[in-house]
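The values are calculated or read from the model by the stated rules, or taken from the named source; none is laboratory data. All values reported here derive from a predicted model rather than from experimental measurement. Glycine gets a Cβ as well: all are built from the backbone with ideal geometry, and neighbour counts include every protein chain shown. Heads up: the accessible areas ignore ligands, DNA and RNA and are worked out on the full protein's heavy atoms, side chains in. Shrake-Rupley method; radii C 1.70, N 1.55, O 1.52, S 1.80 Å.
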Amino acid sequence: MVEVDSACRAEPPIDPAAIRAAVARAVAGLDTGLPLSTVLSRARIGLLHRDRRHRVLAVNDRFCELVGRRAAELTGLSIEAFLHPEDLPRVLATYDDHRARSTPFEVEARFVRPDGSALWCDINVSFVCDAAGTAMSTITIAQDISARRAAEERLRESEEHYRHTVELNPQITWTAGPDGLVETVSSRWKAVTGGAAGDAMGTRWLSALHPEDRAPTMSAWRASVATGKAIDLEYRLRSPDGDYRWFRSRATARRDESGATIRWYGTLEDIHDRKLTERALRDSERRFRLAAHAAGLGIWDYDATSGQRQWSDELKAMLGLPLDAAASVPVALDLVVPEDRHRLQALIAAVDAGDGSHRFDTILRIHRADTGEERWIRTGGWRIEAPSGKLSRVLVTTRDVTEERTAEERIRFAAHHDALTGLPNRAKFGERLEAAIAQARAAGGEVTLVLLDVDDLKETNDTIGHDAGDVVLRTLGERLHRALGAGCTLARLGGDEFAAVIASHGDAPAVIDRVRTALHAVREPLSHEGRILDCQATAGGSLFPTHGETAAELLKAADIALYAAKAQYRGGLLMFEPPMRADLQRRSSMLSIARDVIRDDRILPYYQPKVALDTGRVCGFEALLRWQHPTFGPQAPATICAAFEDFELALGLSERMLGAIVGDMRRWLDAGLDFGRIAFNLSPAEFRRDDLTDRILGRLERAGVPFDRLELEVTETVFVGRGAECVATMLETFSRAGVHIALDDFGTGYASLTHLKAFPVHTIKIDRSFISHIDRDAGDAAIVDAVVALGHRLGMIVVAEGIETEDQARYLLGQGCDVGQGFWFGHSVPRDEVAAMLHRRHPIPRAALA
Ligand code: C2E
Ligand code: CA
Ligand code: CA
């Protein structure tokens, strides 16, 4: 409350009656001497005693001071002269009224000084009367009350201000007695609740509360009243329209010196809108947390104003922390792997410094606190700023992306690697080759490119199964990788193709040696589900910059070399040489001719007689393949010999030949022609199929041709290498069925003589190359002698091929060779000429007759 100004208290209130009595005594006793006026002056009270004509009888200094004039000037001046014009009518009316009855009066009015200033004074006027009661003189005493007036003015102003403050305040103010019963309430109560102020008095205000809020509010208020402690609570108040709005109620007690409550002063503040916003925020936060939970997101919430950090349970679970773990930066940093720690530090620093963008996103690796397992955590966040621009909150979401990442990595790896062997794939290899070439070009080095082709993979797949093929590929990949060693990129280009690229500086020959050694090292057979699989590859290589300037040129050259190696050097490496190009062309044209003649059924067997050297009788024929050229007529097999090495084409050619031969034999048998035995050449490639025996024996059987009418010519190469045991089994089957087996081109291959014992061989055919020099080359003659003797010792028939002269025939007969074959006896002839050939008597070497 506003207090009365202290200046007011400085001038003690005068007791006018006492003064008047003193004055009257003085006047009556004619004691108008100075002592009284001096006393009054000291008391700062002005005194003026004038007679009826306004002549001054007595005046003190204070009065002169109050009216701002000297004592002499006061004589003759009427009261109008020194009263404020606004106050004059009131004062004059009072004066006239009291003078008539000579009763004293008192007014408050302003003296106006000659300088224009005005001064509020309390003015007492008394009349001194004669015995008849007529007023003879006037005694005026005045006291300055300007200070009090000013204080009163201020007080009024303050009260007005207070009233405005309270009444216009949006808050409802109220007061209650020490007992807690409401005594006053501001007029806003009515506006807010629609009820009269009286409805708030005592405890009636409670009925305006929401029913749910009444009991808790009442008990809280009672507790406050009992303890005198301030209260601050929220409840709903009914609005005039019947809805409830949220209010905040606060009250404090005013106490006396002993601490006892004098009054309660309280306010009611409408917080409804804030409350709704808060609830909406809470709801949206709850929704956010639910969504985060559902999405498996962890939350790191940092309140910059309070400095508080909160980690959601999901985040703790993600980090492998117990749920009661405290959120702290050092704990988080400790879990991040050392290599990624700087990233989290940088993020935190950026947030602290308030720079960086409002959104951030990064991926960190952590080691889980519980298992130590490494996990990938994606961290994304927002900085939220207060309207002032100051950082208020940082919200970070975290997600464990380990599985996604490994899947991504797998996809990335798969895009560049072969699934079966784990080696780089063609795409990746292309990149490496280009890079190696670029590097060699810049540094003046060399690059060796090697293309490798797995031998007989297709046959393994077709005959044993794809599982076996996969095992071969995987094993070969591993072995090559190990054998080629570091500094080499090995890739699987697809199918049965591998490739290697090796950079070198001037030591390409050493690199090539290394590849050759590796090829040799991987060749060890492989056991898979009880079967032995061949694990072998043939390779062709090219060299940068010698064989090509670009990757494409190098690949082409290596491919040509590989083709050549496949034809002549299986299991080894051939480096590119320019003539290989022509060779390749020739060979591929052979294959294409073979394809055509098979398709067009232009294959026909020619028959070359075999003659018993001692009798000159034809004991059989060798069927030799010819194909019909539309213009040039029958062509020799040399024109398509590459096709015999091709798995598919060899089979196609064989089927056509065999069909024709069996048909011919059937017809000759029907014609009663004794053609002896027909020899048929088998390509090594044909042994790679399991159904070889069924195919041939089945055909003979269906045609009703006795098995012993057929002889199969095989070369020594089928006895070595892959599937030798299979070959043995097949030959056994043939042999048991009565089919004769002849070992063709004997002496040219790599077979050892032990093969003659290991395989069921009935006939040895000494190769033409030994026969042609037999009369000139003692070495060849010696070999022929030995073979004849050996064959006989083993109970075999010995055939000499390529006999072109009588001398040769004579020599062989002399050595005891059984059968001769060659131009001297006769060229191969078409089927129609076989009968004539049989009937013809062949010459017997003359010397032998002698
Ligand atoms: P080969 O099995 O050694 O056949 C003998 C080859 O020597 C035949 O050549 C034949 O015409 C030739 N020849 C016979 N007597 C003489 C002679 O006195 N002097 C000379 N210089 N050559 C003689 P051809 O018919 O050109 O056959 C060449 C090769 O083609 C055969 O050698 C054989 O390996 C292969 N071949 C022929 N027909 C077939 C077949 O039906 N299947 C398979 N897989 N290979 C066949
Ligand atoms: Ca032959
Ligand atoms: Ca031969």
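Annotations for the structure displayed:
- Value of Rg/Rh across the chain [Cα atoms, Kirkwood radius]: 1.58
- For the stretch 468-588, the fraction of C-alpha pairs farther apart than 24 angstrom is 27 percent.
- 24 Å Cα-Cα reach of K190 towards lysines, excluding residues that sit fewer than 8 places from it in its own chain: K275
- As a rough guide to protection, the peptides 584-591, 444-451, 612-619 ranked by mean Cβ packing within 10 Å, highest first, stand as 444-451, 612-619, 584-591.
- If you take all other residues with their beta carbon under 15 Å from the beta carbon of R236, and give Lys and Arg +1 and Asp and Glu -1, the sum is -2.
- Loop GluC sites (Glu not before Pro), the stretch 478-532, which have at most 10 other Cβ atoms in a 10 Å radius of their Cβ (DSSP): E529
- Unsatisfied cross-links (Cα-Cα over 27 Å) in the set K458/K757; K428/K556; K428/K458: K458/K757
- Taking every DSSP beta bridge that has both ends in the chain, the antiparallel portion is near 85%.
- The magnitude of the dipole of the stretch 496-632, with charges of +1 and -1 set on the Cβ of Lys/Arg and Asp/Glu and taken from the Cα centre, is near 480 debye.
- Here the sum of -39500 (n - 2.57) over DSSP H runs of 4 or more residues, divided by the residues of the chain, equals -13000 deg cm²/dmol at 222 nm, to the nearest 500.
- Of the GluC sites (Glu not before Pro) found in the stretch 751-850, those in coil by DSSP whose Cβ has at most 16 other Cβ atoms within 10 Å are E804.
- Largest-first principal axis extents, alpha carbons of the stretch 296-434, Å: 59, 34, 25
- Average accessible surface for the chain: 50 Å² per residue, computed with a 1.4 Å probe over protein heavy atoms with every protein chain in place.
- Accessible area of the chain belonging to carbon and sulfur atoms, whole % at 1.4 Å probe: 54 percent
- The stretch 60-160: GluC sites (Glu not before Pro) falling in loop per DSSP and having at most 13 other Cβ within 10 Å: E86
- Kirkwood-Stokes translational diffusion coefficient of the stretch 350-506, alpha-carbon pairs, 20 °C, 1.002 mPa s, µm²/s: 106 µm²/s
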